[in-house]
Structures are given as C-alpha cells and as structure tokens.
Amino acid sequence: MIADKMRLGINIDHVATIRNARGGEHPDPVKAAKLAINAGADSIVIHLREDRRHILDNDLIHLMKEIDKPITLEMAPTNEMVNIACNNSPQKVCIVPEKREERTTEGGLDVCTSFYSLQKYISKLKSNNIDVSLFIEPDINQINAAKELNATAIELHTGEYCEALIRHNELKIQNELIRLEKASIHGYNLGLEINAGHGLNYASVASMSKIKEITELNIGHFIIGESLFIGIEEAVREMRSLIDAARHN
Ligand code: PXP
C-alpha cells in the first residue's frame, strides 16, 4: 500500500565534518541526531566512508546506543563495511558507490555490472536482519537488477534533477522528473520500497514528495548548511512541513 506519510531521513555527516576539522568532540553528531528527531526526522543517516573523512566508527556505535529511531548506514560494497554493519546492526544499509577523490557520492551504483559481488554482500546483510537499499540512478535496468538481487529498497539518485533546478534548465527538469516518476512506479510495482535523495533542498523537495510511490527522502548537506543560520531543529521542521504540505496537496 502506498504510504500517506513520507519518511524523512536526516544525514548528519557534515556535523562530523565540522567536528573533525578540529579533531575534538564538538559539535557532537549524537546531539544533532537527537535534535533532528525532536524536530520530525524519522531516521538518521550516516555514511561511513573508507577514508573516514566525516563519520567515524565510534559515531556509529554511539548513535546505535543513544538513538531510538532507525539508523541507516550508507557504505561502499566492501568486506570491511559489511562486517562493520553486521557487528553493529543498523536497521538499514544503503549501498553506495564510493570513490576516494569524490566530494560526495557522484552517481548511482552500477548494479548490473557488480551483480555477483553485490549478491554476496546483500545476502550476508539480509541474513543478519539488516534491510538493504541500493543507491541507483532512476534507470529501469538498474531497478530490475536490484529486484533480482532481493534488495529491500532502492534509493533513487535525485542529483541530476536537483542540478537542473539550480540551473533553471526547464527541459532537463521535466525530463528528470518523468524519469524519477517512471522509475518510482516501476520499482514500486516490483515490490521494492522506494527512497530518494541527493542534493534536495527546500525548492526541490515538493516535487519528490508528490510522487506517492516514494516513501522516504534522505537529506543532508542542505539541512546542515541551513542549520548554521536557523538551527538544525528549525531547518528540519521547515523541511518536514514542506514535505507534508506537498504530499497532501
Ligand atoms: N542519499 C545518499 C545515498 C547519499 O549518498 C547522500 C549523500 O551522502 C544523500 C542521500 C544525501 O545527499 P545530500 O547531502 O546532498 O542531501
């Protein structure tokens, strides 16, 4: 059944980015997670990168202990990361492609090409009762492969859409919206849970919230940036109300 409410996952990686700039304990990602939840976040998202540039192994341990909402762990498909996930049992793992030199996750996973290595990791995670989401482009072949791999969910990469909005590229905005809509319906009809994220802000969140097949949006950079001006609770509340208004319109 299509969910009436859109879940909102808040990615707190950049709280750790600021903390790590000085190497101390401030600002504390656990405190940020608690404030985000108070303001309406349904889950907390962290990306444990191979180079540990923001979230550290201890952050995952502390968040698992202190946060009573689901934690989504974004991670690369590697033995090291799968073992960390299995040792900590977050509710969901979102497998993302990872390149050391990239500033952020630049594109979706190529599920078709990495099919057999992903199969091994997904079955290990699922046998440890961890839901598995695959971060992919809104592409029918990728979605079909995710289904074949028995993923719980797919997270559709909204980066191209958000970029088109920033550049006021009307043709691309429409094309990307259609691509995201079609992909959401296709995945939903296959029985996959549909999540979406990357680059979302106050301006782009409404159109994603209107796609009923999408049941979760994951947002980080914009919220943490906006928090500098209005505080994390206010930023999450504003995002939450824009999502709810668009969903019920
Ligand atoms: N979803 C996934 C899988 C991501 O890798 C990221 C970035 O860490 C996000 C969502 C959030 O993107 P942004 O920080 O641009 O909101």
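Of all the residues that make up the range 5-16, how many are surrounded by 23 or more Cβ atoms within 10 Å (Cβ to Cβ) and away from the ligand (no atom under 16 Å from the Cβ)?
Qualifying residue count, the range 5-16: 0.
Looking at the range 68-121, which of the residues that are away from the ligand (no atom under 16 Å from the Cβ) and of a type in the set (A, V, I, L, M, F, W, C) is surrounded by the fewest Cβ atoms within 10 Å (Cβ to Cβ)?
In this case the residue turns out to be Phe115.
Being in contact (Cβ under 8 Å) with a residue 12 or more places away in the chain, outside any strand (DSSP E or B) and polar (S, T, N, Q) is the filter here; which residues of the range 57-78 pass it?
The answer is Thr78, and nothing else.
Filter the range 17-39 down to the residues that are closer than 28 Å to Ile194 by Cβ and either within 16 Å of the ligand (Cβ to nearest atom) or among the hydrophobic types (A, V, I, L, M, F, W, C) (or both) and list them by number.
Pro29, Ala32, Ala33, Leu35, Ala36, Ile37, Ala39
Among what's in the range 143-159 and is away from the ligand (no atom under 16 Å from the Cβ) and not in a helix (DSSP H, G or I), pick the residue that is surrounded by the most Cβ atoms within 10 Å (Cβ to Cβ). It would help to see each step written out before you state the result.
Pass one, the range 143-159, residues away from the ligand (no atom under 16 Å from the Cβ): 144-145, 147-150.
Checking the rest, the ones that are also not in a helix (DSSP H, G or I) come to 149-150.
Values: Leu149: 20, Asn150: 11.
Here the residue is Leu149.
Can you list residue pairs whose Cβ atoms sit under 7 Å apart, with the first residue in the range 7-35 being over 30 Å from Arg247 (Cα atoms) and the second being of a type in the set (A, V, I, L, M) and assigned to a helix (DSSP H, G or I)? Count only pairs 6 or more apart in sequence or on different chains.
Pro27/Val15; Pro27/Ile18
Does at least one position in the range 235-243 carry a residue that is in contact with a Ser or Thr (Cβ under 9 Å, 6 or more places away or on another chain), more than 15 Å from the ligand (Cβ to nearest atom) and farther than 23 Å from Thr104 by Cβ?
First, pick out the residues of the range 235-243 that are in contact with a Ser or Thr (Cβ under 9 Å, 6 or more places away or on another chain): 235-236, 242-243.
Remaining after also requiring more than 15 Å from the ligand (Cβ to nearest atom): none.
For the range 235-243, residues in contact with a Ser or Thr (Cβ under 9 Å, 6 or more places away or on another chain), more than 15 Å from the ligand (Cβ to nearest atom) and farther than 23 Å from Thr104 by Cβ: absent.
Let's see how each residue does on (1) among the aromatic types (Phe, Trp, Tyr); (2) surrounded by fewer than 19 Cβ atoms within 10 Å (Cβ to Cβ); (3) within 16 Å of the ligand (Cβ to nearest atom):
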site	(1), (2), (3)
Asn141	no, yes, no
Tyr161	yes, no, yes
Leu171	no, yes, no
Ile185	no, yes, no
Gly191	no, yes, no
Leu200	no, no, yes
Ser204	no, no, yes
Leu217	no, no, yes
Gly231	no, yes, no
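For the range 189-206, enumerate the residues that are free of Cβ contacts under 8 Å to residues at least 40 places away in the same chain and small (Gly, Ala, Ser).
Quick first cut of the range 189-206, residues free of Cβ contacts under 8 Å to residues at least 40 places away in the same chain only: 189, 201, 203.
Hit for the range 189-206 is Ala203, nothing else.
Can you tell me how many residues in the range 17-54 are closer than 12 Å to Ile224 by Cβ, under 18 Å from the mean Cα position of the chain (by Cα) and surrounded by fewer than 18 Cβ atoms within 10 Å (Cβ to Cβ)?
1
Being crowded, with 20+ Cβ neighbours inside 10 Å, of a type in the set (A, V, I, L, M) and in a helix (DSSP H, G or I) narrows it down to one of Ile223, Ile211, so name that one.
Values: Ile211 fails: in a helix (DSSP H, G or I).
Result: Ile223 is the single residue among Ile223, Ile211 that is crowded, with 20+ Cβ neighbours inside 10 Å, of a type in the set (A, V, I, L, M) and in a helix (DSSP H, G or I).
None of the figures in this text is laboratory data; all of them are computed from the coordinates on show. All values reported here derive from a predicted model rather than from experimental measurement. We place every Cβ from the backbone using ideal geometry, glycine too, and count neighbours over all the protein chains shown.
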